[in-house]
Amino acid sequence: MDQAADALRGDGTCEVFRSPLSDASLGPSAAGREVAAAAGRRVTEAVDDARALALRVAMAAEKIRLAAEQFERAEAGQFPRPR
Amino acid sequence: MSTPQTSGSPGGGRRSDGLSVLRLMAGLQGLPDPLVAADELLAIDADTLAGWFAVARRAAVWLWRGSDVLADAIPVLAAAWSSPAPQAWITALREAGLESRTVVVGQADAADLACSTLTQVKASVEEELGTAEAAVAALHPADVGAALPGGSPSPSPELQHILTELTARLDELRARAMEALQSLALSLRADPRDPIESLPTVASLPNGDPGAGAGPGPRFPASGGLAPTDPSAVVSGPMTSRPTPADPGPMPIDVGNLERLRLDLQSEDDTTREMAQGVLASLTQAEQAGGVAQLLVYESADSWSQGRAAISVGDISTADNVATLVPGITSAPAQMADGLNDAAALRAEASRQSPGESTAVVAWYGYDIPLGFKGGVSTNPLAKVDSTLDALDDDNAGEGGVVLARDIDRFRQWAPVGARFTALGFSMGSTTVSSAAARGARLDDAVLMGSPGAGQGVSTADGYPHLPADHTYVIAFDQDPVTQTRTDLAATATSTLLAGPRISGADGEPFGVDPALADFGAQVVDATTNVPEVRMSLSLPGPIEVLADPVESAVVNQWLALSHHSETNYLSGRSKEAAAAVVIGHYADVPIKPGR
């Protein structure tokens with residue numbers, strides 16, 4: 001799961017992607033302006049999306065690791081058993 | 001392909017002799033300049049679009065690789081844990097990743113397809129221009145000269161044929177380019193974040209017990225809830241994320257305003273308390289309409305002022321789109337019911353058109369609204385006179401524009417980075433929005449509805465520092481008398497009568513230029529009133545009929561015409577659909593017509 005989180009983070013750099021498209025890049029038509037704005041947003045969101053999933057996977061991995069450790073400690077008798 | 005000489009003008013503009021002849025000829029015949037259409041197509045930057053989507057493909061690879069590695073973890077978890085919860089949890093993460101990747105890849109594919117078409121179109125435009133250039137060059141010079149100013153009124157059939165062919169081919173190519181862009185625009189309306197954002201948070205896995213409660217569940221509501229009958233409840237206002245016993249979560253963004261509201265509800269000043277009670281009722285109404293209500297602006301009323309308030313229907317802190325709705329005269333913060341109904345209707349329409357996106361609509365009662373005492377709290381007589389005179393010009397809208405620009409800056413700090421911001425103003429509110437834009441408000445779009453004018457100092461839509469003219473939309477019903485010049489004339493006459501001559505702006509109109517005029521340069525929305533048109537003709541008995549009848553009818557019809565001038569009318573039917581399409585950035589869905 002740690003490897004999955006790494007893969008989802010991509011190259012691991014904190015590269016910030018900024019859209020090179022301006023409002024007029026695809027012409028003055030309504031469709032051109034809509035695409036320019038939406039493309040700028042969607043590509044950035046795709047990158048954010050992968051990183052958000054990486055964070056969730058890392059957090060889930062941490063939870064499972066913590067639970068596993070607690071089970072091990074319980075089995076080793078480090079926690080008092082209920083009467 | 002022959003290559004015409006070019007002057008290197010922006011957008012690959014061509015100014016060779018042969019093409020200049022065609023351009024002149026088109027102008028003399030009143031036809032559209034074919035080179036303008038060609039330049040627009042050649043200016044489309046398909047390469048940059050394609051390069052930008054290479055970034056999306058990288059993200060798609062990350063999502064695929066990560067999901068692939070997660071697949072390896074699933075059988076290991078199944079073997080190691082007797083509980084199915086960890087395995088189910090990781091499976092859900094993996095599926096969300098793959099689903100998201102499908103959206104990203106689909107959009108990248110659509111972008112590649114569009115870029116390919118656009119590149120072909122550009123090449124074809126070059127070719128058509130070259131062909132036309134060569135054909136003109138092959139004509140006899142006398143035939144070409146006859147097409148120039150001062151030449152023959154009927155150019156040679158060969159030259160006419162070249163112009164007709166070029167225009168027709170460019171029209172075809174433009175249609176292909178538009179089809180490609182519209183198809184891509186549709187593909188880009190899917191949000192790649194949806195699959196992952198709809199997952200439950202990891203907090204639903206209890207600490208140290210992966211065997212319990214890991215299944216997906218509903219997202220936690222952002223609102224902490226309000227108890228309208230209990231003033232003390234307002235301090236617990238809307239939260240921006242899930243609170244837990246160990247982690248109370250981030251502070252509600254409106255905690256300060258809610259605290260001021262709570263204090264005002266206990267004020268001994270009747271005006272202050274009445275306004276606070278009105279705002280509390282509005283918060284309840286907004287919460288019922290939007291699930292989350294946030295009090296983004298709150299300033300107390302007193303005997304001189306109606307105060308200020310702005311309530312968001314929907315959670316601004318998670319919104320993809322934030323619309324700010326500015327009302328017209330006679331509105332007041334103490335009575336926001338109509339404005340909140342309109343805000344909720346606009347939000348519902350935005351959600352209908354773009355179900356995957358969240359939209360918050362802020363009812364902004366944040367400027368000194370003329371005649372506010374009509375619907376608001378009772379102020380002192382002098383304040384009422386002042387507020388009445390304020391309705392006769394755009395002074396309050398100008399000052400309100402400064403405040404609106406500042407408030408939008410604050411809203412941007414609360415909203416997610418990248419949220420789209422639109423300001424919509426009705427009547428005097430539209431003049432306020434225009435003034436805010438003129439003062440540099442950071443808006444993606446503005447919608448001016450039922451506008452009496454764009455305000456002093458704004459002569460064209462090019463006058464907004466951060467808002468391109470083609471992102472300024474105007475909805476003006478032809479039946480609405482307030483959008484006509486006679487409103488300015490009436491206001492000027494009344495103002496002069498009551499307060500003496502006023503120094504008007506350069507255009508001499510108290511509310512500024514009509515933004516629906518073609519010369520203003522905004523996008524005029526093609527929408528019609530939603531109120532049935534009724535006209536009356538009065539018949540008076542006796543000899544006065546001849547003189548009085550036309551006057552009486554005109555007055556009655558003018559009164560009837562005012563029924564078209566309401567915010568709710570502008571936010572109904574096709575005009576509401578168009579306004580919502582602007583709010584969510586679906587520009588291709590906004591019907592446009594020529595200005596007046």
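The values are calculated or read from the model by the stated rules, or taken from the named source; none is laboratory data. On a predicted model such as this, the values are computed, not experimentally measured, just so you know. Counting neighbours? That spans all protein chains shown, and the Cβs are built from the backbone with ideal geometry, glycine included.
Any residue in segment B:182-196 that's facing chain A (nearest Cβ under 7 Å): show its pairings with residues that are basic (Lys, Arg) at Cβ separation under 7 Å, as long as the two are six or more apart or on different chains.
B:188/A:42; B:192/A:42
Which condition does residue B:64 not pass, out of (1) facing another protein chain (nearest Cβ under 8 Å); (2) buried (at least 17 other Cβ atoms within 10 Å of the Cβ); (3) under 18 Å from residue A:5 (Cα atoms), if it passes all the others?
(1)
State which residue pairs qualify: first residue more than 7 Å from chain B (Cβ to nearest Cβ) and inside segment A:34-63, second residue in a helix (DSSP H, G or I) in any location, beta carbons under 6 Å apart, and separation of 6 or more residues or different chains.
Close Cβ pairs (under 6 Å, with a partner that is in a helix (DSSP H, G or I)) amount to A:58/A:5; A:61/A:2.
If you check residue A:26 against the conditions, is it surrounded by 24 or more Cβ atoms within 10 Å (Cβ to Cβ) and more than 27 Å from residue B:95 (Cβ to Cβ)? Lay out the reasoning, then the answer.
Working: surrounded by 24 or more Cβ atoms within 10 Å (Cβ to Cβ): yes; more than 27 Å from residue B:95 (Cβ to Cβ): yes.
Spelling it out, residue A:26 is indeed surrounded by 24 or more Cβ atoms within 10 Å (Cβ to Cβ) and more than 27 Å from residue B:95 (Cβ to Cβ).
Quickly run through segment B:316-361 and pick out the residues that are out of contact with any strand residue (DSSP E or B) (no Cβ under 9 Å at 6 or more places or on another chain) and among the hydroxyl-bearing types (Ser, Thr, Tyr).
B:330
Every residue, every condition in (1) touching a Gly at 6+ places or on another chain (Cβ under 9 Å); (2) facing chain A (nearest Cβ under 7 Å); (3) not acidic (Asp, Glu), yes or no:
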residue	(1), (2), (3)
B:34	no, no, yes
B:47	no, no, no
B:55	no, yes, yes
B:72	no, no, no
B:108	no, no, yes
B:117	no, no, yes
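Out of everything in segment A:64-80 that is at the interface with another protein chain (Cβ under 9 Å from one of its Cβ atoms) and small (Gly, Ala, Ser), what residue ends up being surrounded by the most Cβ atoms within 10 Å (Cβ to Cβ)?
Restricting to residues being at the interface with another protein chain (Cβ under 9 Å from one of its Cβ atoms) and small (Gly, Ala, Ser), the top hit is A:67.
Give me a count of the residues in segment B:110-144 that are surrounded by fewer than 18 Cβ atoms within 10 Å (Cβ to Cβ), closer than 25 Å to residue B:178 by Cβ and among the hydrophobic types (A, V, I, L, M, F, W, C).
2
Just checking, does segment B:426-439 include any residue being touching a Ser or Thr at 6+ places or on another chain (Cβ under 6 Å) and surrounded by 24 or more Cβ atoms within 10 Å (Cβ to Cβ)?
Checking segment B:426-439: at least one residue is touching a Ser or Thr at 6+ places or on another chain (Cβ under 6 Å) and surrounded by 24 or more Cβ atoms within 10 Å (Cβ to Cβ).
Please determine whether any residue of segment B:372-388 is at pLDDT 90 or above and in contact with a Ser or Thr (Cβ under 6 Å, 6 or more places away or on another chain).
Among the residues of segment B:372-388, not one is at pLDDT 90 or above and in contact with a Ser or Thr (Cβ under 6 Å, 6 or more places away or on another chain), which makes the answer no.
Just checking, does segment B:419-429 include any residue being on the phi > 0 side of the Ramachandran plot and either part of a strand (DSSP E or B) or over 15 Å from the mean Cα position of the chain (by Cα) (or both)?
Yes, because at least one residue in segment B:419-429 is on the phi > 0 side of the Ramachandran plot and either part of a strand (DSSP E or B) or over 15 Å from the mean Cα position of the chain (by Cα) (or both).
The conditions are (1) within 8 Å of another protein chain (Cβ to nearest Cβ); (2) touching a Lys or Arg at 6+ places or on another chain (Cβ under 7 Å), and residue B:51 fails exactly one of them. Which is it?
Failing condition for residue B:51: (2).
Table: residues versus (1) at pLDDT 95 or above; (2) among the aliphatic types (A, V, I, L, M); (3) over 17 Å from residue B:317 (Cβ atoms).
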site: B:404; (1), (2), (3): yes, yes, yes
site: B:409; (1), (2), (3): no, no, no
site: B:415; (1), (2), (3): no, yes, no
site: B:426; (1), (2), (3): yes, no, yes
site: B:434; (1), (2), (3): yes, no, yes
site: B:437; (1), (2), (3): yes, yes, yes
site: B:445; (1), (2), (3): yes, no, yes
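Given the conditions (1) closer than 22 Å to residue B:328 by Cβ; (2) at pLDDT below 95; (3) within 13 Å of chain A (Cβ to nearest Cβ), which single one is not true for residue B:458?
Tallying (1) closer than 22 Å to residue B:328 by Cβ; (2) at pLDDT below 95; (3) within 13 Å of chain A (Cβ to nearest Cβ), residue B:458 fails exactly one: (3).
Among the candidates B:267, B:198, single out the residue that is at pLDDT 65 or above, of a type in the set (S, T, N, Q) and closer than 30 Å to residue B:77 by Cα. Even if it seems obvious, please write down each step before you answer.
On the way: B:267 fails: closer than 30 Å to residue B:77 by Cα.
Checking each option against the conditions leaves just B:198.
What pairs can you find where one residue is in segment B:159-174 and among the hydroxyl-bearing types (Ser, Thr, Tyr), the other is modelled with pLDDT under 95 and surrounded by 20 or more Cβ atoms within 10 Å (Cβ to Cβ), and their Cβ atoms are less than 6 Å apart, with a gap of 6+ or different chains?
That search, which allows pairs on different chains as well, returns B:167/B:34.
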